[in-house]
Amino acid sequence: MNKLILWGLVALLCIHFGEGQVKRCIKCDFTLGDIPCIQSTVTCNTGEVCATIKGKAGSAHLITKRNCVERSRCGVNDTTSWVGVTYTTSTVCCEEDFCNSGVGVIRFSLLAGLTALLCFFLTKIL
């Protein structure tokens, strides 16, 4: 019974209450292709998430931008022209801090990890 209560508490601790949290994202003004740009960090406003916006002309990947965007922009494709070139932009959003960095990193919650470790040791004791 004690283990059941303990695992119930673990489940509650591992729930991520994302709404209302301030997100921090990578900001990178438009850059050509995948050429690295000077990055900075930015704090999103309420209702915004981190995003990577990529622009293509045909099959050629032309531009990339990283920043906070309104949640309603997520998954939206737009067509626009600039300097006589028509390109399509796609906006891909994510919810974690700095998740738009472009680095394929597995993100692990410190709280969830410490909770799991604590529970492992407590189940050995109980």
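Ser90 falls short on exactly one of the conditions (1) without any contact (Cβ under 8 Å) to a residue 40 or more places away in the chain; (2) within 13 Å of Lys23 (Cβ to Cβ), and that condition is (2).
The set of residues in region 23-41 that are more than 15 Å from Asn100 (Cβ to Cβ) and either touching a residue at least 24 places away in the same chain (Cβ under 8 Å) or touching a Ser or Thr at 6+ places or on another chain (Cβ under 8 Å) (or both) comprises Leu32, Gly33.
Name every residue in region 47-63 that is under 21 Å from Val85 (Cα atoms) and in a loop (DSSP other than H, G, I, E, B), in order of residue number. Of everything in region 47-63, those that are under 21 Å from Val85 (Cα atoms) and in a loop (DSSP other than H, G, I, E, B) turn out to be Gly58, Ser59.
Number of residues in region 64-84 that are modelled with pLDDT of 85 or more and part of a strand (DSSP E or B): the value is 10. Inside region 85-103, residues that are at pLDDT 90 or above and part of a strand (DSSP E or B) make up a count of 7. In region 42-69, the residues that are buried (at least 18 other Cβ atoms within 10 Å of the Cβ) form Cβ pairs under 8 Å with partners that are aliphatic (A, V, I, L, M) and outside any strand (DSSP E or B), at six or more places apart or across chains, as follows: Cys44/Val22.
The values are calculated or read from the model by the stated rules, or taken from the named source; none is laboratory data. Computed from a prediction, not measured in an experiment: that's the story for all the values here. Don't worry about glycine lacking a Cβ; one is built from the backbone with ideal geometry, like all the others, and counts go over all protein chains shown.
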